[in-house]
Amino acid sequence: MSKDEMSFDTTPVQVTQTLSSLERTQYLSLVASIIEEFRKIDPEMHLNTIATYLMVAIREGRTKAEMADRLGVAQASTSRNVKVLTKAKNKFGKDGYDLVVQERDPREGRRHIVNLSQRGKMISNVLAEAALRANPARSAGG
């Protein structure tokens, strides 16, 4: 799988290397900083919604069906998460997050492709910067 691909492996994690206490702390700090950025948007944002956003941020232009396949969830679930990530109001009148936009696929009019909105692009930069701040070795060029 290339660097710009993302899918979820549901097999149990097997530890293949031993991390020092400092390395483990740095990696966990990175994960925590990313989670905290999403909590700033909505402290109750669902993990599948976050995963859907990250999938779009890593590579824009995927269809919802492609994303559902990579995420290992039903297409209906991906459609719901994409809708929450757009600026459309939900059934309770709450505004969406305005992080993605969906457009008709020019090659197949029945499908929609998903891209980052302007706000979504800004958030992807914030997330990348948070990751750099949380990993001092990486941000120092190491």
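Observations, loosely collected:
- Residue pairs whose Cβ atoms lie under 6 Å apart, sitting 6 or more positions apart in sequence or on different chains, and linking a residue in region 87-109 that is under 28 Å from L127 (Cα atoms) to a partner that is of a type in the set (D, E) and modelled with pLDDT of 95 or more, are K87/D98.
- Any hit, region 102-120, residues being touching a Phe, Trp or Tyr at 6+ places or on another chain (Cβ under 6 Å) and either in a strand (DSSP E or B) or buried (at least 16 other Cβ atoms within 10 Å of the Cβ) (or both): no
- Criterion (loosely packed, with under 15 Cβ neighbours inside 10 Å, among the acidic types (D, E) and more than 24 Å from M122 (Cβ to Cβ)) met by exactly one of E66, E36, E23: E23
- Some residue of region 83-97 being assigned to a helix (DSSP H, G or I), of a type outside the set (K, R) and buried (at least 16 other Cβ atoms within 10 Å of the Cβ): yes
- So I50, is it modelled with pLDDT of 95 or more and surrounded by 13 or more Cβ atoms within 10 Å (Cβ to Cβ): yes
The values are calculated or read from the model by the stated rules, or taken from the named source; none is laboratory data. Since this is a predicted model, take the numbers as computed values, not measurements. Every residue, glycine among them, receives a Cβ derived from its backbone with ideal geometry; neighbour counts consider all protein chains shown.
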